[in-house]
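This report refers to the structure that appears directly beneath it.
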Amino acid sequence: MDYLSGNGVYGNRDKHPLPVLVLLDLKMPLLSGFEVLEWMRGHPDLASLPVVIFTSSRRQEDKARAKELGANEYIEKPSAVARFGDVVQRLQKKWLVGLQC
């Protein structure tokens with residue numbers, strides 16, 4: 001959140017530019033992905049930044065809440081490691097087209 005808001009050492013956007021996409025898990029150590037998403041959507045500079053929820057939760061309630069809070073996409077983590085590459089390719093094609101990664 002410090003990075004996204006440009007606080008402290010992250011204040012120089014030439015050195016620390018905003019990302020073009022944010023991946024959020026719902027289960028994080030200090031705040032939930034829902035809390036971070038809600039915080040982001042409340043900041044004008046971050047409100048239009050694409051956010052993809054990338055989580056192991058398959059609960060319909062979580063999907064609905066993510067959409068309600070402004071997530072652009074909700075992706076369930078694949079159970080097989082081999083399918084992780086498919087998810088990365090999907091994200092790249094949809095959100096990172098034309099960018100050098």
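So here's what we get for this one:
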quantity	calculated
Residues that are out of contact with any strand residue (DSSP E or B) (no Cβ under 9 Å at 6 or more places or on another chain) and assigned to a helix (DSSP H, G or I), drawn from the stretch 70-93	81, 82, 83, 84, 85, 86, 88, 89, 92, 93
Flag for residue 68 being among the charged types (D, E, K, R) and within 16 Å of the chain's Cα centre (by Cα)	yes
Residue check for residue 63: under 17 Å from residue 23 (Cα atoms), basic (Lys, Arg) and touching a Ser or Thr at 6+ places or on another chain (Cβ under 9 Å)	yes
Residue within the stretch 72-90 that is closer than 21 Å to residue 20 by Cα, surrounded by 13 or more Cβ atoms within 10 Å (Cβ to Cβ) and in contact (Cβ under 8 Å) with a residue 40 or more places away in the chain present	no
Boolean, residue 27 is out of contact with any His (no Cβ under 8 Å at 6 or more places or on another chain), part of a loop (DSSP other than H, G, I, E, B) and modelled with pLDDT of 95 or more	no
Selection count, the stretch 34-53, where residues are under 13 Å from residue 68 (Cβ atoms) and assigned to a helix (DSSP H, G or I)	4
Every residue from the stretch 3-17 that is within 15 Å of residue 39 (Cβ to Cβ) and either more than 15 Å from the chain's Cα centre (by Cα) or in a loop (DSSP other than H, G, I, E, B) (or both)	6, 7
Whichever residue in the stretch 25-41 is surrounded by fewer than 20 Cβ atoms within 10 Å (Cβ to Cβ) and not charged (D, E, K, R) and, among such residues, is nearest to the chain's Cα centre (by Cα)	34
Some residue of the stretch 50-66 being touching a residue at least 60 places away in the same chain (Cβ under 8 Å) and surrounded by 15 or more Cβ atoms within 10 Å (Cβ to Cβ)	no
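The values are calculated or read from the model by the stated rules, or taken from the named source; none is laboratory data. Remember, it's a predicted structure, so these values are computed and weren't measured experimentally. Neighbour counts are summed over all protein chains in view; Cβ atoms, including those assigned to glycine, are modelled from backbone coordinates with ideal geometry.
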